[in-house]
Amino acid sequence: MFLRFRIERVALKSDNRGATLLLPPEAVTCDTRRERVAKFVQVCEDGAVPDQATILHADLDSFYASVEQRDDPALRGRPVLVGGGVVLAASYEAKAYGVRTPMGIAQARALCPHALVVPPRMSAYSAASKLVFEVFRDTTPIVEGISIDEAFLEVGGLLRIRGTPAAIATRLRAEVRDRAGLPITVGVARTKFLAKVASAVGKPDGLLVVAPGEELAFLHPLPIERLWGVGPVTAGKLREHRILTVGHVARLGEAALVTLIGAHAGRHLHALAHNRDPRRVRTGHRRGSIGAQCALGRRSRPFEEIDATLAALVDRVTRRMRSAHRAGRTITLRLRFGDFTRVTRSRSLLKATMQTSAVLTTARQLLAEARPLIDLRGLTLVGVAVGNLDSDGAVQLELPFEVAVEDSLDTALDAVRDRFGSSSVTRAASLGRDLNPSVPILPD
């Protein structure tokens, strides 16, 4: 069976006779010296505890909205929407009325007329995220950040000094509440996939442990949308064939799935439906791409406005690249049309770059090629990303060895924005057009 915990103030410890003792939190000693912790983590990697659910997926609940409710007591217990034209986050009180992200504010207000709308405060969210990740790193040295509000943690080597994974997760939740003042849900399982599913099922503010040997009994009754990679299109195809749950996917067989949804997706979903996920929790992994996107809403927009939005997004992305010392070769344009279908267009350069003008030129070419589709179907979202990133930010020099004027301009603009703020310098075409606030991201 799987176990669901909502315990805040209890820790577990085993004595020499194997008995389980319930201790108050103040009686539990937690050695946070990373050298000692790393030794026990290595024991786990060597296979000393192979049969336990030792992967934690910790996910903050409605992160932006929770920060606003933490900082303003008047918002607690009330439906809160964070955003401007688009809902960036909604409290669970607002979600109860059907509000979801990224829904337009007008639509959200129609569903929940008494919702309180607050503007985003990205600096506050970044500060809160840093506090939470300090708790993660004080718990275990093996932390794989997924975004600013969620991470995977491997705790298998901590049994002797911290207790069982369930006990560690219980203390983790209490620490996040005490030090950051935020609710967090933790899922515990033997695979990363199932730990993430467990945290999603355990929300809000819960702890869900999927016991070894009972994973499929927990997983198979869940709807197919719980499988990674199943979006509206794939779900529609499966439901047309009366495949409604993860158990239906598991019983269908890999060959039939490949026929329905393609080779890669079919094999992927078949493996997940049987809880086969060999990925380990990794540390020090750098992101494969850097990107940004902007929701445009449903109203029709002139192509010039779309181009100005794209240019502002490129400015944001290339500034992040230079800050992280990462150069990239592949520029990808992401579009979402008025019927909410999506397309991507990409092009690779001959050499890696972090230069704004080079990325913008390629992105504009891709946008121009997609203009007939935009004119026909409308556009509700535009995004740009740079992939194939070099690890050290090295850029191939060319003869003659001179510093490009564009590089000097980028450096000067970065210095101004770092000192006086991102909005201190902007393109003339972007005046009067507010781009969505830059979403905080994890350090690269």
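The values are calculated or read from the model by the stated rules, or taken from the named source; none is laboratory data. What you see is a predicted model, and the numbers here were worked out from it, not measured in a lab. Glycine gets a Cβ as well: all are built from the backbone with ideal geometry, and neighbour counts include every protein chain shown.
Values computed for the structure shown
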| item | result |
| --- | --- |
| Contacts under 9 angstrom Cβ, first residue in segment 282-293 being in contact (Cβ under 8 Å) with a residue 60 or more places away in the chain, partner part of a loop (DSSP other than H, G, I, E, B) and β-branched (Val, Ile, Thr), 6 or more apart | Arg282/Ile142; Thr283/Ile142; Arg287/Ile441; Ile290/Ile441; Ala292/Val439 |
| Residue list for segment 132-150, restricted to those being of a type in the set (Asp, Glu) and either in a loop (DSSP other than H, G, I, E, B) or not assigned by TED's automatic domain parsing to the domain that holds Val176 (or both) | Asp149 |
| Only one of Arg347, Arg276, Arg329 that is modelled with pLDDT of 90 or more and closer than 29 Å to His57 by Cβ | Arg276 |
| Selected residue (criterion: surrounded by the fewest Cβ atoms within 10 Å (Cβ to Cβ)) from residues of segment 113-132 that are in contact with a strand residue (DSSP E or B) (Cβ under 8 Å, 6 or more places away or on another chain) and free of Cβ contacts under 8 Å to residues at least 40 places away in the same chain | Pro119 |
| Any hit, segment 211-233, residues being crowded, with 18+ Cβ neighbours inside 10 Å and part of a loop (DSSP other than H, G, I, E, B) | yes |
| Filter result for Ala324 (in the same structural domain as Arg417 (by TED's automatic domain parsing), at pLDDT below 90 and over 28 Å from Gly378 (Cβ atoms)) | yes |
| Failed item, numbered, when Ala271 is tested on (1) under 30 Å from Ala327 (Cα atoms); (2) among the small types (Gly, Ala, Ser); (3) out of contact with any strand residue (DSSP E or B) (no Cβ under 6 Å at 6 or more places or on another chain) | (1) |
| Leu153, sole failed condition from (1) assigned to a helix (DSSP H, G or I); (2) of a type outside the set (Gly, Ala, Ser); (3) surrounded by 22 or more Cβ atoms within 10 Å (Cβ to Cβ) | (1) |
| Checklist (1) crowded, with 23+ Cβ neighbours inside 10 Å; (2) modelled with pLDDT under 50 applied to Val67, failing item | (2) |
